[in-house]
Amino acid sequence: MTKAEILKKEILRQYRSVRQFAIELSIPYSTLVTALERGIEGMAYGTVIKMCDKLSLNPVDFSSLERDTSLGAQLLENRVMQYYVKLNQDGRDKILGLMDDFVQIDKYKAKGKRNK
C-alpha cells in the first residue's frame, strides 16, 4: 500500500469525505485529491506533516500514533528520551528527582492535565 493509499484510507476512516478533511485542514480540495491520486511525493513537507498530525500518523512510515497524542508531543517525548538514555544512572536519578520536584510546583504543572 502506498503512502497516498494509506492517507486516503485513514482520511475516509476518520472523516466523512476527503472534501471534509480538506476543509478541516484548510488545504485546497483539488490539491489533496491530486496528491492522493498521483502520490504525495510532490506535496509540501509541511502539508504532509499537518495531515499526519491531524490523522495521528507517523510522517516517516505512516503507521498509527497513539490516539490523543499530537505529533509535536510525540516528537518532544522522543527528544527527551534521547537525552535521558545518554545519562548514566546518577544522571537519570537526578533528572527523575528534579521532575518529581517540579510537578509539585503549581507554576510548572501542565494546565488541564490530571495529576497523579
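Read-outs throughout are calculated quantities, based only on the coordinates presented, and are distinct from any laboratory measurement. These numbers were taken from a predicted model, which means no experiment stands behind them. Methodologically, a virtual Cβ is constructed for each residue, glycine included, from the backbone with ideal geometry; neighbour enumeration extends over all protein chains shown.
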Once the piece of chain linking LEU76 and LEU25 is laid out straight, how much longer is it, given 0.36 nm per residue of separation minus the C-alpha distance between them? 16.1 nm
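Report the gain in length on full extension from ASP101 to MET1: 0.36 nm times residue separation, minus Cα-Cα distance, nm rounded to one decimal. Walk me through the numbers on the way to the answer.
Details: separation 100, 0.36 × 100 = 36.00 nm, distance 4.73 nm.
Extra length available between ASP101 and MET1 comes to 31.3 nm.
What pairs in LYS54/LYS107; LYS9/LYS50; LYS50/LYS111; LYS3/LYS50 have C-alpha atoms more than 22 Å from each other?
Correct reply: LYS54/LYS107; LYS50/LYS111.
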Longest principal axis of the chain (C-alpha) makes with the long axis of helix 45-55 (C-alpha) an angle, in degrees to the nearest 10, of 80 degrees
Simple spin-label model, 7 Å along Cα-to-Cβ: TYR84 to VAL60 in nm? 1.7 nm
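If you count, for each residue, the other Cβ atoms within 10 Å and average over each peptide, how do 74-80, 47-53 line up from highest to lowest?
Values: 74-80: 11.6, 47-53: 17.4.
Output ranking for 74-80, 47-53: 47-53, 74-80.
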Please say if the chain is rounded, prolate or oblate, where rounded means a/c under 1.5 for a ≥ b ≥ c the square roots of the C-alpha gyration tensor eigenvalues, and otherwise the choice is prolate for a/b larger than b/c and oblate otherwise? prolate
Rough spin-label spacing in nm, given labels placed 7 Å along Cα→Cβ, for SER17 and GLU41: 3.1 nm
Helix 71-84 axis, angle to the chain major axis (alpha carbon atoms, nearest 10°): 40 degrees
Whose amide H sits under 5 Å from the amide H of LEU57, counting only residues 5 or more places off or on another chain, with H placed in the peptide plane? LEU65
